[in-house]
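Every read-out reported here was derived from the displayed coordinates using simple, explicitly stated rules and does not represent laboratory data. Quick caveat, the model's predicted, so the values are computed rather than measured. Please note: Cβ atoms are built from the backbone with ideal geometry, for glycine as well, and neighbour counts cover all protein chains shown.
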């Protein structure tokens, strides 16, 4: 059991990382990585949705007819997303307007559906919950790196606080980093760096 | 009712959805199929056409349902579930109709239809249409423009990737990495269009 748990953790965080290994679910979240604060909220929402919906799908797996499985999964995911959306609207309306439709778009985020299909359908709830949790964490840490880079280079701030060198007169702010192309470039570079680690490790073990 | 200004606004929204506010390059929606299915121009065309069709029709359907059912009942928060059900049901229906009446189109587009249900661009366009409070006619323009924008982007990407197949790319950058860099360059190019609609 111990080693199984360890495998789930290392798969989710690194070996099978949702972003640079599976390349799933980058759609809805790349858009909010121009500010670190937005990304943190989005990641928390995703962690909540992914882990709980994977667990719920797994609890209901014996009662779900096979041919309407996808629909049931979508409804379960949509339920949790609505909870997140309503909580945000009630307690943090500014953040809710900042994120716009992207909270709702967690429903079609491929990684949530992907984990429910790949893991929630076959495994017991606890296993699925852990799998969902660590996949979401693996996803979040890459996005947080991207958001930090974009905010720092693009605006010279970190979580809204000006940083010593980057907000000074010596740093010409890279506006393109906060604009959409910056997200693509940063994600590409991050994927490149992480994949290179992998490739080097594989070559060594040969 | 004078529809002149409505139609001209729909036209502007449509053009801006194709170029300056491209749903893929500016809002990152529909990235997964964009990265996965852009290896060949032929398949990309099929998927792109299917997206144009489904996006335009579901946007209109969702507008009607949102304004005539959900708003009247005060159930706006229910829109996520309802939109996704409508999209899934519509896609299923189109698939069945095509299968029955037009084997030619079914062969061309049929395989892509199931993929579309989980394409975030479709749901995203419907959600944007609600947030921006478009009227029905503007929604038609917006839905069509977004679909067309997505189609253009995936076509361009597929063309570039076909040329790229024989080039030497660093090992870690192969696949998604290089595609993302190209997408970034395309987004930069599309940003250049923003002058077209200035002063609106």
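Annotations
- Computed helical MRE - 222 nm, chain B, DSSP H runs ≥ 4 contributing -39500 (n - 2.57), nearest 500: -22500 deg cm²/dmol
- Evaluated at q = 0.06, 0.07, 0.09 Å⁻¹: base-10 log I(q)/I(0), Debye formula over Cα of the protein assembly as shown: -0.24, -0.33, -0.55
- In summary, the range A:1-81 shows an alpha-carbon radius of gyration equal to 1.28 times the 2.2 N^0.38 Å reference for compact globular proteins.
- Sequence ranges B:87-93, B:20-26, ranked by mean other-Cβ count within 10 angstrom, highest first: B:20-26, B:87-93
- Computed over the range B:103-179, the range of Cα coordinates on each principal axis works out to 49, 35, 19 Å, biggest value leading.
- Descending Cα extents along the principal axes, chain B, whole Å: 58, 48, 30
- Helix-only mean residue ellipticity at 222 nm for chain A, each DSSP H run of n ≥ 4 adding -39500 (n - 2.57), per residue, nearest 500: -21500 deg cm²/dmol
- Shape of the range A:1-160, Cα gyration tensor, a/c cut at 1.5: oblate
- Cβ neighbours within 10 Å from other chains - mean over B:71-80: 2
- Residue mean of other protein chain beta carbons inside 10 Å, A:142-149: 0
- Packing-based order for B:166-173, B:58-65, using average beta carbon neighbours within 10 Å, highest first: B:58-65, B:166-173
- Per residue of peptide A:176-187, the mean number of Cβ atoms on other chains within 10 Å of the residue Cβ is 6.
- Between 0 and 90°, nearest 10: helix A:36-59 axis offset from chain A longest Cα axis: 10 degrees
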